[in-house]
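Below: the structure, in structure tokens.
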Amino acid sequence: MNAVEIIQRKRDGGPLSPQQIRWVIGEYAADRLPDYQMAALLMAVFKEGLDAEELAAWVDAMLHSGDTLDFSHVAAPKIDKHSTGGVGDKVSLPLGPMVAACGVAVPMMSGRGLGHTGGTLDKLETIPGFRTALDPPEFRALLARTGLVLAGQSETLVPADRRLYALRDATGTVESIPLISSSIMSKKLAEGLDGLVLDVKVGRGAFMKRLEDSRTLAETMVGIGRSYGTPVRAVLTDMSQPLGREVGNACEVAESVEVLRGGGPADLVDVTYRLGEEMLLLGGAAADRAEGRARLERAVASGAALEKLVEVVAAQGGDPRVIHDPSLLPSAPHRHEVAAARGGFLTRCDALDLGVAATRLGAGRERKEDTIDPRVGLRVLVKVGDPVEAGQPLVRLAWADAARLAEALPLVERALEVGDERSAPPPLVHGEVP
Ligand code: URA
């Protein structure tokens, strides 16, 4: 096998054989292929795509680059949810406890925020003491005990993806449907799940800005799941404006607790329940979506879902008092409000600009090695379609560093637009697959 020949073949639009794909991914995962050759191949794949046979071989090579997990010691069905990433997307935090409280085991493996999108692990780590790095035996033991684990991926699970993702991030090759779908699905298949619900985001704050692309991504991932016999359902949800009101880390934990107490903003609640219904259906815990919804509502109304989060926080070393009293979470020392210059209706609340603004405040990472400030963030006070009066606060920033505030403010101002005509709020759910 010759790396240059493989790169040239893909560059010229020719299909790669399964053997070539297995070899190149295996060599890269074993550190025997240099980054510059893999970067060239990734760019060729980005430009030329992968056909169905190549994609199957690519996923398989990644999946077998490391360990796979076995949760067969847990009798309950094991169902996970994965979001392609967004701004204010804290759904995993209320969803995991709600679904686990309904008897479905949720081995939730989450990631960190990168660029303008937040990450569940960063949010969880604002809870004092909470540990997201669990080794496989502890992960297995906790899943059997509590039915819900909220943790990062172990080092040995799909190691090829860790290297490939970092390289894609540094070479402008992230937004590729075959590369995203193989990255996500190889990790999820390695978890040995009984089912997976995908929340594929669409809109300005998502990887996929256009509905057609997010649908193709969803269909590709569902197809990969099917070829491994793992049932996968995808819901395409809106990411043109932030989900819920809070964008940050500690503030998103507090908003998630509100949902578990039966409150919270309507869009966040709706997306959480919608994904929960799909998880219960896949786990055989509901016959249809209406029954799923009713079970989830009961889990919230009875307090069982909130208690599940308390139990998991304690089991993973966190201080459960912050769940009962989120005012104990870290909080930024200063506030600054951006107000409407005129009256009318909010016509734009751009998720991408607001996500970048939160990152500039310190809530996210520009580079992998950056540290985040758990205290800072922003609260979106109005949504698209809401009436607005001149002088009314639209966004409240929670900040700690004046230089960072100065960087974030122009982005927040650019993100918001007030017009005379009321535009209809975007639909929350744009479609589903299958
Ligand atoms: N999330 C992943 O895990 N991989 C991608 O390629 C994109 C988003």
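Applying a threshold of 6 Å to beta carbon distances and a minimum spacing of six or more residues, or different chains, the list of pairs starting in the stretch 95-120 at a residue that is outside the structural domain of residue 308 (by TED's automatic domain parsing) and ending at one that is within 11 Å of the ligand (Cβ to nearest atom) and among the small types (Gly, Ala, Ser) is empty. When 206, 190 are screened for being within 13 Å of the ligand (Cβ to nearest atom), more than 14 Å from the chain's Cα centre (by Cα) and aliphatic (A, V, I, L, M), only 190 passes. The selection criterion, being away from the ligand (no atom under 16 Å from the Cβ), part of a helix (DSSP H, G or I), open to solvent by less than 30 Å² (accessible area, probe 1.4 Å) and farther than 15 Å from residue 163 by Cβ, holds for residue 21. May I ask you to verify whether residue 10 is away from the ligand (no atom under 16 Å from the Cβ), buried (at least 23 other Cβ atoms within 10 Å of the Cβ) and more than 30 Å from residue 124 (Cα to Cα)? Judged against the criteria, residue 10 is a match. Filtering 4, 59, 87, 106 for residues that are at pLDDT 95 or above, assigned to a helix (DSSP H, G or I) and buried (at least 20 other Cβ atoms within 10 Å of the Cβ) leaves a single hit, 59. Flag: residue 356 matches the condition of being in the same structural domain as residue 403 (by TED's automatic domain parsing), among the hydrophobic types (A, V, I, L, M, F, W, C) and within 21 Å of residue 418 (Cβ to Cβ). The set of residues in the stretch 133-155 being assigned to a loop (DSSP other than H, G, I, E, B), open to solvent by less than 60 Å² (accessible area, probe 1.4 Å) and away from the ligand (no atom under 16 Å from the Cβ) consists of 134, 147.
Would a scan of the stretch 304-314 turn up a residue that is open to solvent by 60 Å² or more (accessible area, probe 1.4 Å) and over 24 Å from the mean Cα position of the chain (by Cα)? No, every residue in the stretch 304-314 fails to be open to solvent by 60 Å² or more (accessible area, probe 1.4 Å) and over 24 Å from the mean Cα position of the chain (by Cα). Would you check if there is a residue in the stretch 119-127 being within 15 Å of the ligand (Cβ to nearest atom), open to solvent by less than 10 Å² (accessible area, probe 1.4 Å) and not in a helix (DSSP H, G or I)? Among the residues of the stretch 119-127, at least one is within 15 Å of the ligand (Cβ to nearest atom), open to solvent by less than 10 Å² (accessible area, probe 1.4 Å) and not in a helix (DSSP H, G or I), which makes the answer yes. Filter the stretch 335-370 down to the residues that are within 19 Å of the chain's Cα centre (by Cα) and among the β-branched types (Val, Ile, Thr), then identify the one that is surrounded by the fewest Cβ atoms within 10 Å (Cβ to Cβ). Filtering the stretch 335-370 for residues that are within 19 Å of the chain's Cα centre (by Cα) and among the β-branched types (Val, Ile, Thr), the one surrounded by the fewest Cβ atoms within 10 Å (Cβ to Cβ) comes out as 356.
Go through 24, 4 for me and flag whichever is closer than 19 Å to residue 180 by Cα and of a type outside the set (Lys, Arg). The match here is 24. The single residue among 379, 365, 375, 422 that is touching a helix residue (DSSP H, G or I) at 6+ places or on another chain (Cβ under 8 Å) and farther than 30 Å from residue 165 by Cα turns out to be 379. Residues in the stretch 359-409 that are among the polar types (S, T, N, Q), under 19 Å from residue 121 (Cα atoms) and without any contact (Cβ under 8 Å) to a residue 60 or more places away in the chain: 371 alone. Scanning the stretch 73-84 for residues that are under 15 Å from residue 192 (Cβ atoms), open to solvent by 10 Å² or more (accessible area, probe 1.4 Å) and touching a strand residue (DSSP E or B) at 6+ places or on another chain (Cβ under 9 Å) yields 74, 75, 76, 77, 78, 82.
Please work out if residue 320 is in the same structural domain as residue 240 (by TED's automatic domain parsing) and out of contact with any Lys or Arg (no Cβ under 6 Å at 6 or more places or on another chain). When the stated conditions are applied, residue 320 passes them.
The values are calculated or read from the model by the stated rules, or taken from the named source; none is laboratory data. The model shown is predicted, which means the values in this text are computed figures rather than measured ones. Quick reminder, even Gly has a Cβ in these numbers, built from the backbone with ideal geometry, and neighbours come from all protein chains shown. The accessibility values were calculated without ligands, DNA or RNA, using every heavy atom of the protein model including side chains. Shrake-Rupley method; radii C 1.70, N 1.55, O 1.52, S 1.80 Å.
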